[in-house]
Amino acid sequence: MDHLPLTKQLLADGEIDEMEVACNRRLETHPDDVTALNHAALGALRRKDTQRACALLEHAARLAPKNAVTHYHLGRAREALGDPAGALAADEVAARLVPENPLFRLHLALSLEQQGERQRSLLHFARAIKEAQLQGQWNDAASTPPALRPQVEQAVLTVRRGQRALFDQFLEPLVNRYGRSALERVINATRIYIGEQQPVYVDSRQRPTFFFIPGLPRSAYFDRRLFPWIPDYEGQYQEIRRELEALLPSHRGKERVFNDATLESENLRGQGPDPSWTGYYFYRHGERRQDNCSACPVTAAALDGIELIRIRAHGPEVLHSVFTPGTHLLPHRGVTNARAVSHLPMMIPDDCALRVGGEERVWREGQTLVFDDTYEHEAWNRSVELRVVLIADVWNPYLSDVERAAVTDVIAAIGDLRTAVDCL
């Protein structure tokens, strides 16, 4: 397809008439040249000769059925011809052949919307925006081609309306039962999430990466008195530690915290040659790890007695967090201030510490420490021994029960929508 440099240059220079002439001349001797067929069709479209454009592109599609650009052009020609069903069929092929192309996906969404398939169009608009932004496009007017801005704005508004309808489905029954004032913070959080409202960070150190609930009291570390379950939890420290000591010699039930080697190399440093962060998980992404729970029944029962944040496919994350000697977890931020992160220090050698929002704390074995991980935080083990902390995601103590119920449903719904978009 790369033997027509002249016509490609003419197209790049915007000399469409000259390009069409050159392509038609080429097709007289090479009627199956797919590039010439595409370029001649673009010229015909410009002249509003949609019948010829469609004929040329249908021939090209028969010759090269896996050429996504041809199917995309055919969609535009059928659209101009007044054949929305035909345009949709071509757009579906183009998006299937190159799923990461945001332009193909955008036009598929527009075709679906025209055909009245609003739910499918919403998902494809969302996927188009996601793919474009991953490529540094469509983040603002400057990164969006002027000719595409109306369609991209339509995509953004469609996705926003869809998200709002989804959230309202869960929030409205709670508002009707408990009153709007009881849900005001969560409602504002959803408005921030979908871009209807700008976040205001009273403490500039706080920056959730996913879901920010405004109006909650702020501090890098929480007062232990806010968690009435801490005394009973700490009271089981010795038995939890004995179970840990029996678990540590085995590699069974141990997982890397970063499943991706690139993420691991970006986030871990060390004084030794091989920094490592692994975990014996009791819950991961909200799923119970039955092997470790069965091996550590006292620990599992103790965890059932604390206010774990339970959101389908999201949380809690609960693990014996193991730093090998010399490991340093670099500064990073958590996803939402709906949760707090509890550390029950299990095995703490000298020269180990945690820094949250610029405030450094040293772990003390058996003494729970709870912090807000949406503040930038880091941790290190500069000793020559293992460091182990039992980490558990718990509810932010300032959220009411009704707010927790709302957050649970909203975040699960966000996850469902993301999964549906990613599965397209």
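The values are calculated or read from the model by the stated rules, or taken from the named source; none is laboratory data. Quantities reported herein were computed from a predicted structural model and do not represent experimental measurements. As a convention, Cβ positions derive from the backbone with ideal geometry for all residues, glycine included, and neighbour counts pool all protein chains shown. Ligands, DNA and RNA are excluded from the accessible area calculation, which covers all protein heavy atoms including side chains. Shrake-Rupley method; radii C 1.70, N 1.55, O 1.52, S 1.80 Å.
Structure summary
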{"quantity": "Per DSSP, loop GluC sites (Glu not before Pro) in the stretch 81-175 with at most 13 further Cβ within 10 Å", "calculated": "E100"}
{"quantity": "Diffusion constant of the stretch 197-248 at 4 °C, which comes from Stokes-Einstein with the Kirkwood Cα-pair radius and 1.567 mPa s, µm²/s", "calculated": "88 µm²/s"}
{"quantity": "Of all accessible heavy-atom area on the chain, the percent that carbon and sulfur account for (1.4 Å)", "calculated": "50 percent"}
{"quantity": "Probe 1.4 Å, protein heavy atoms only - accessible area per residue of the chain in square angstrom", "calculated": "47 Å²"}
{"quantity": "Computed over the stretch 228-307, the ratio Rg/Rh where both radii use C-alpha atoms and Rh is Kirkwood", "calculated": "1.03"}
{"quantity": "Compactness of the stretch 64-120, expressed as Rg and Dmax over alpha-carbon positions, Å", "calculated": "10.2, 31"}
{"quantity": "The stretch 378-424: GluC sites (Glu not before Pro) in DSSP coil with no more than 16 other Cβ atoms inside 10 Å", "calculated": "E385"}
{"quantity": "Efficiency of FRET between L424 and R361 - r from beta-carbon atoms, R0 51 angstrom, step 0.05", "calculated": "0.70"}
{"quantity": "On Cα atoms only, tilt of 84-97 relative to the major axis of the chain in degrees", "calculated": "50 degrees"}
{"quantity": "Space enclosed by the convex hull of the alpha-carbon atoms of the chain, per residue, Å³", "calculated": "185 Å³"}
{"quantity": "The stretch 225-291: trypsin sites (Lys or Arg not before Pro) in DSSP loop, at most 14 other beta carbons within 10 Å", "calculated": "R252"}
